[in-house]
Amino acid sequence: MVIDLCIKAVEYGLNKGCKFVEIRYENTVYEHIQYLNGRLKEVGSERYVGIGVRVIFDSKLGFSSTDSLLPSDLRKTVDYAIKAAKASNMEVKIADVKPLTGTFKTPNVKLHPQDKEFSEKIMDVKDIFKHATDVDEASKLGYFTPKKFTIKNSTIRYTAIYGDQIVVNSEGTNVVFNHLLTGYAISIVAEYNGILGDGRLSIGGSMDYSKLINEMYKHVYDATWKSAEKAVAKPPPPGKHLVISYPEITGLFAHESFGHMSEGDFILTGSSPLKDKIGSQIASDIVSIVDDGTPEYFPNIYLPVDSEGVKTKKVYLVKDGIDTGFLHSRLTASELNDEPTGNARAENHRHIPLVRMRNTFFERGDWSEEEIKSEFKRGIVVDDGLGGQAELDGTFTFSASRGYYLEGGEYKYPIRDVILQGNILEMLKNVVAAGNYVYIDSAPFGACGKGGQRVYVGLGGPILVIKDMLVGGRHD
Amino acid sequence: MIDEICRESLNYAIKQGADEAEIYVYRGNIKTIRIEGERVYPSIKDVFNVAVRVSIGKKVGSIFTSTVSSDILKVEIDKAISLAKGREEDPHWSGLPDPAKPIHKNRSFDDRFLSIELDDMAKENLNVINSVKNEHPDLNPFEAANEVVIWERWIFNSRGVEAYDRGTTEEFFLSIKGKDAHREISMYDYEMSTNYIDNKLGISLNLANRIKGLYNAEKLREPLRCSIVFHPKTIAEILYFVFTRAITANNVQEGRSPLVGKIDTRIGGSELTIIDNGMLPNGLMTTLYDAEGVPREKTLVVSKGTLCSFIYDTYTARRENRESTGNAVRAGGSVTVGHSNLIIAGSNISVSKLISSVDKGIYVEGFSLNPHSSNFITGEINAVLYDVHLIRRGSIEKPLFPLNLSGNIYDAFKELQVAGKPVQTPYSIYSPYILLHNLTVV
């Protein structure tokens with residue numbers, strides 16, 4: 001039994017003089033199917049199996065990992081972790097937590113992806129392709145979609161990530177987490193009058209396979225009409241504008257620019273400007289930002305326990321405009337005299353847990369989409385994030401694939417390749433309205449990178465209306 | 001030992017019904033030092049990446065696993081065969097590569113890595129950080145990472161390929177924060193080498209000086225369409241996201257490249273020459289073989305502005321009845337196409353001469369923010385430029401706040417000018433300083 005192996009490794013570490021030993025076993029499968037231009041391009045499966053070892057030896061922290069499950073290799077890995085601890089220069093403490101035991105499973109999963117044959121999933125992918133490339137149906141959607149466009153390229157992707165993570169430590173924690181994350185993505189390149197446009201859609205989260213398929217079909221034409229609309233879109237006028245961000249872009253603000261600044265390790269190094277801001281008004285009072293392992297909204301990434309075996313908590317980073325909380329591992333919580341929040345996450349057993357976000361989102365307001373359009377008559381509407389980066393001083397740049405120029409309460413023309421630039425601490429003060437629904441983008445097609453590790457995160461929120469934001473575009 | 005595991009796995013796959021089989025095993029010993037503020041986090045890892053590709057007729061299945069345990073490998077090989085059986089035929093599949101001898105001997109292996117100990121790495125990195133603090137007490141070098149890897153790789157297939165490679169790499173990363181009267185400035189530098197990086201302090205002090213050179217920067221008052229002189233690292237990063245995937249045969253064949261149908265046509269000015277050289281001595285991607293056991297080669301991609309060739313793995317090459325260019329790379333269990341050492345030819349003129357030719361424009365030296373949002377399918381560039389300076393009347397006049405860059409790389413290539421010799425960058429792109437026109441910054 002793997003758990004017995006882990007327990008014996010803990011005992012071995014304690015016998016070697018470690019004050020604390022944590023063994024993290026991982027057995028995770030990544031399934032993927034790629035259907036490219038009407039042809040099955042890839043069908044594959046990846047399995048990461050191994051064990052990560054973290055020890056505190058002589059008050060210093062060391063980490064090592066192995067891809068072998070042989071007891072002799074595991075003992076060698078504990079020895080390596082002790083060697084790593086000896087190379088460290090700092091005495092560390094980890095915050096006390098009540099040892100956690102038990103098995104956690106993603107809820108409401110009747111049809112697990114592993115219980116469906118690959119051949120059946122390939123059939124689903126083919127059917128999604130058939131619908132997604134139906135130009136006649138897609139051209140009926142959107143605001144400016146041309147009628148006779150052609151599809152130059154289409155990609156359908158399916159991914160499922162599932163397996164077991166076990167954390168056993170010398171304090172009595174013994175946790176098994178059966179995790180699950182699954183999703184579909186459609187990417188289309190359309191051509192109209194010799195101009196290319198690309199559109200994409202991704203749906204996913206910790207959900208039952210049947211539910212995933214149902215959600216996919218609700219939006220199956222979206223990537224296609226968006227790609228065609230983009231082919232007739234213009235660059236946005238550069239300069240300062242009122243910006244209306246749809247949930248994907250809102251999520252970038254929540255995660256990339258604000259969330260990272262709230263991570264305990266960045267607070268600890270003094271690199272975050274939020275270090276002394278707890279209790280301060282840093283945003284307009286309609287802004288609340290949350291990081292949660294088990295949010296109430298669907299879809300989400302279900303993370304009831306973190307990579308230190310700590311049960312996850314809902315954390316208000318900002319509540320009604322006031323800076324209210326940071327995200328912690330046991331290490332950062334100890335250093336900052338705070339409580340662990342269940343935010344220690346590792347990409348897999350090969351990596352040490354770092355302070356990472358889970359599902360990070362703005363809370364909803366009370367504006368409907370139509371009310372926003374009619375009240376804020378002119379602005380740049382942005383949707384479909386292409387990613388972004390943020391500096392720890394709050395500076396950010398985000399890309400939106402597409403959107404609209406709003407004038408007189410109506411969409412005047414579609415826009416493409418929009419860059420948003422600013423500083424989150426200024427931007428949060430300029431939020432003037434929040435929509436009345438929250439969507440968390442939880443699909444596993446893009447992960448958050450930090451310290452050489454990539455973990456899947458959910459990010460989202462409602463539609464936000466932000467005044468005076470710098471928009472970049474082509475200056476023709 | 002690994003040789004035997006490879007041969008046994010191939011035999012097992014054939015016995016289980018595969019027509020052809022290939023196994024790829026990567027073994028790495030990785031020593032890492034991460035420094036956050038005052039805290040040092042050392043780690044040691046033993047890593048295996050194992051990929052198996054099997055074919056039955058024209059049906060192909062692949063798996064990846066992180067262990068060479070024979071029990072798990074057999075289960076995963078069974079799965080690869082099952083995946084192959086469950087899918088439709090790929091009309092373009094023409095089998096695995098045939099055996100061939102390497103055409104060079106330039107292994108990138110630095111023997112010094114064999115004796116590097118973790119505590120020595122910790123001391124060296126702390127010394128670097130303390131030296132920066134001593135010289136610049138007003139700066140905060142708040143994050144650093146240093147990693148050394150000794151790796152080996154085996155690629156065996158049922159056609160007789162038995163390719164073995166080994167190498168070393170070192171990465172060094174440092175972030176420093178400074179503050180002038182108006183704002184905080186964070187910037188990082190990143191180096192990667194197949195040899196021991198012995199100038200970590202020089203890299204760090206240079207970064208510190210560059211941050212101070214940005215004090216009292218001004219905002220650009222209005223959007224500017226202008227010429228930009230790029231430092232090799234800056235342009236390499238942008239080209240990695242907007243150009244390198246456009247020259248891979250898989251993207252060309254699938255219509256995901258703006259270079260489709262443009263062989264033997266001009267895609268840039270006469271100073272644009274690009275070579276993919278998998279044999280470059282000490283090159284970051286120099287190996288005897290590519291990731292499917294085909295000998296590395298040298299491919300002329302662009303010559304004096306004219307597109308000459310794309311880069312190929314065996315699958316994409318046979319689809320066009322030609323030879324692989326030795327550019328297979330692994331992405332999990334899958335094989336795809338990627339550049340090796342992509343070299344942009346330089347010139348004898350100096351960067352100062354290049355700058356002096358610009359009446360009003362920009363000089364940029366830092367890594368960008370968000371360059372991955374650039375679109376290689378269309379050639380549209382999106383990035384925020386850091387370490388930016390205004391050029392006026394041929395001289396660098398003053399530092400500027402970060403600028404948002406947009407434009408199309410192929411428009412910009414038309415009047416490209418280069419200065420100096422190609423410099424190695426972490427993206428395995430070797431670039432000189434490059435001057436591009438018709439770009440917008442805001």
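Computed values, structure above
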{"item": "Residues satisfying the stated conditions in the stretch A:66-92, i.e. within 7 Å of chain B (Cβ to nearest Cβ), among the polar types (S, T, N, Q) and crowded, with 22+ Cβ neighbours inside 10 Å", "result": "A:THR66, A:SER88"}
{"item": "Only listed residue being part of a strand (DSSP E or B), touching a Ser or Thr at 6+ places or on another chain (Cβ under 8 Å), within 11 Å of chain A (Cβ to nearest Cβ) and aliphatic (A, V, I, L, M), chosen from B:VAL40, B:VAL54", "result": "B:VAL40"}
{"item": "Top-ranked residue in the stretch A:154-206 [being over 30 Å from B:SER373 (Cβ atoms) and outside any strand (DSSP E or B); ranked as farthest from the other protein chains (Cβ to nearest Cβ)]", "result": "A:GLY172"}
{"item": "Of all residues in the stretch A:248-273 being buried (at least 24 other Cβ atoms within 10 Å of the Cβ) and among the hydrophobic types (A, V, I, L, M, F, W, C), the one that is nearest to the other protein chains (Cβ to nearest Cβ)", "result": "A:PHE266"}
{"item": "Identity of the residue in the stretch B:123-175, part of a helix (DSSP H, G or I) and out of contact with any helix residue (DSSP H, G or I) (no Cβ under 9 Å at 6 or more places or on another chain), that ends up farthest from B:ASN29 (Cα to Cα)", "result": "B:ASN134"}
{"item": "Residues located in the stretch A:407-420, provided they are surrounded by 23 or more Cβ atoms within 10 Å (Cβ to Cβ) and not β-branched (Val, Ile, Thr)", "result": "A:PRO414, A:ARG416, A:ASP417, A:LEU420"}
{"item": "Residue within the stretch A:100-117 that is at the interface with chain B (Cβ under 8 Å from one of its Cβ atoms) and touching a residue at least 24 places away in the same chain (Cβ under 8 Å) present", "result": "no"}
{"item": "Some residue of the stretch B:274-283 being under 25 Å from the mean Cα position of the chain (by Cα), in a helix (DSSP H, G or I) and surrounded by 17 or more Cβ atoms within 10 Å (Cβ to Cβ)", "result": "no"}
{"item": "Residue match in the stretch A:44-65 (condition: part of a loop (DSSP other than H, G, I, E, B), in contact with a helix residue (DSSP H, G or I) (Cβ under 9 Å, 6 or more places away or on another chain), surrounded by fewer than 22 Cβ atoms within 10 Å (Cβ to Cβ) and within 9 Å of chain B (Cβ to nearest Cβ))", "result": "no"}
{"item": "Residue ranges of strands (runs of 3 or more DSSP E) in the stretch B:366-442 with at least 1 members modelled with pLDDT under 95 and under 23 Å from B:SER347 (Cα atoms)", "result": "B:429-441"}
{"item": "Subset of the stretch A:441-476 (residues that are modelled with pLDDT under 95 and outside any strand (DSSP E or B))", "result": "A:PHE445, A:GLY446, A:ALA447, A:GLY451, A:GLY452, A:GLY473, A:ARG474, A:HIS475, A:ASP476"}
{"item": "Qualifying residue in the stretch B:210-218 (condition: within 30 Å of B:PRO102 (Cα to Cα) and modelled with pLDDT of 95 or more)", "result": "no"}
{"item": "Extreme residue, farthest from the chain's Cα centre (by Cα), among residues of the stretch B:110-148 that are closer than 30 Å to B:ASN327 by Cβ, surrounded by 18 or more Cβ atoms within 10 Å (Cβ to Cβ) and away from chain A (no Cβ under 12 Å)", "result": "B:PHE113"}
{"item": "Count - residues of the stretch A:420-440 that are within 16 Å of A:PRO247 (Cα to Cα) and assigned to a strand (DSSP E or B)", "result": "8"}
{"item": "Some residue of the stretch A:207-224 being assigned to a loop (DSSP other than H, G, I, E, B), small (Gly, Ala, Ser) and more than 14 Å from every other protein chain (Cβ to nearest Cβ)", "result": "no"}
{"item": "Subset of the stretch B:48-62 that is at pLDDT 95 or above and among the β-branched types (Val, Ile, Thr) - its residue that is surrounded by the fewest Cβ atoms within 10 Å (Cβ to Cβ)", "result": "B:ILE56"}
{"item": "Failed condition for B:TYR363, given (1) away from every other protein chain (no Cβ under 13 Å); (2) assigned to a strand (DSSP E or B); (3) free of Cβ contacts under 8 Å to residues at least 24 places away in the same chain", "result": "(3)"}
{"item": "Test result for A:LEU392, aliphatic (A, V, I, L, M), over 22 Å from B:VAL442 (Cβ atoms) and within 11 Å of chain B (Cβ to nearest Cβ)", "result": "yes"}
{"item": "Filtered residue count, the stretch B:160-212, keeping only those that are without any contact (Cβ under 8 Å) to a residue 60 or more places away in the chain and at positive phi", "result": "0"}
{"item": "Tally, over the stretch A:32-43, of residues that are more than 7 Å from chain B (Cβ to nearest Cβ) and in contact with a Lys or Arg (Cβ under 8 Å, 6 or more places away or on another chain)", "result": "4"}
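The values are calculated or read from the model by the stated rules, or taken from the named source; none is laboratory data. Keep in mind the model is a prediction, meaning the values are calculated, not measured. Note: ideal-geometry Cβ built from the backbone for every residue, glycine included; neighbour counts use all protein chains shown.
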